[in-house]
Amino acid sequence: MKIGVLAVQGDFLEHVRTYRAIGVEAVEVRLPEDLEGVSGLTLPGGESTTMRRLIDRWGLRQPILDLAASGAPIFGTCAGMILLAREIVGGEAPILALLDVAVRRNAFGRQLDSFEGDLTVSMLGDGPVHGVFIRAPVIERVGPGVDILGRLGDGRIVAVRERNIIATAFHPELAGETRFHRLVATMAAEHDDPAEGSGRRHHPVRRERTAR
Ligand code: GLN
C-alpha cells in the first residue's frame, strides 16, 4: 500500500517524511503515471494558484478526480484544502471541487500571517492537535455531507471530512502531528481491502482487489 503526495510545488517533502515516519510508503506525484497503484493522495501546502497551473500543465486533474471517485482518501492541507474546495470565496474558479465547502484564502490577514494553536479533533482521540497556520485559509460554509472535525477557539472551522476527502486549514506535517496521516493510511488500506475494516484480513475480496 502506498500513498501519493502531490509534488509539483509546496511542502510535499514534509508529508512524505511524515508518512515514512509512521511506516507508510509515500511516493511523489508529478505526472499522471505516478498515481498508478497509489491507494490515497495528499495535497500539500504551498501556493494554490501555482498548484492550479501545474496540475493542469501536467495533466493531473482528471487522474486525481478519478482516484477520488474510486473512494481513495484524498487529504489536503492548507493550499491543498483550497485545491479541494468546491467554492473559493471572492470569485476564483474552484480547482478540483471535491469537497463541499467554501474557503476564504489568506483568511487571517497580515496581523496573523502565521500562528500556531491547539485544537481538539475528537475523531483523532484526546490529545490536542497542534496546528501550524501559514497564510491559512478558513472554511466559511460547509455542505450537508461535510463533518466538521475541528474549530479554532473562536469557532472558525479549520478541519473537515466529507466521506473520503479530508482537509485541514493548517499543517499537521509541520508540527510532528501524525494522526491525520495515520487516519489517511487506515482509510487507504480499507479502500484497498474493504474487509480490513471488519478485521477479516484474509477475505478473498482482498486478493481479487489487490490483483488489479
Ligand atoms: N496562502 C496560500 C494560498 O492561498 C496557502 C498557504 C499555505 O498552504 N500555507 O494558496
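Please treat every number below as a calculation from the coordinates, not as lab data. Owing to the predicted nature of the structure, the values given are computational and were not obtained by experimental measurement. No Cβ is skipped: glycine too gets one built from the backbone with ideal geometry, and neighbour counts run over all protein chains shown.
Here are the numbers:
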read-out: Cβ-based exposure ranking for LEU149, LEU31, LEU124, in which fewest neighbours within 10 Å come first; value: LEU31, LEU124, LEU149
read-out: Ranking of PHE115, PHE12, PHE170 by count of other Cβ atoms within 10 Å, fewest first; value: PHE115, PHE12, PHE170
read-out: Rounded if a/c under 1.5, otherwise prolate or oblate - the stretch 87-201, Cα gyration tensor axes; value: oblate
read-out: Largest to smallest principal axis extent of the C-alpha atoms in the chain, angstrom; value: 55, 42, 33
read-out: Cβ-Cβ FRET estimate between ARG151 and ARG17, R0 fixed at 30 Å, reported to 0.05; value: 0.60
read-out: Three-way shape call for the stretch 1-41 based on the alpha-carbon gyration tensor, with the a/c threshold at 1.5; value: oblate
read-out: Crossing angle, helix 12-21 versus the chain [Cα axis fit, 0-90 degrees, rounded to tens]; value: 50 degrees
read-out: Sum of side-chain charges, VAL101 neighbourhood, beta-carbon under 15 Å (Lys, Arg +1; Asp, Glu -1); value: +2
read-out: Under 13 Å, Cβ to Cβ, from PRO63 - net charge with Lys/Arg +1 and Asp/Glu -1; value: -3
read-out: Gain on full stretching of the segment that runs from GLU140 to LEU31 - 0.36 nm per residue minus C-alpha separation; value: 36.0 nm
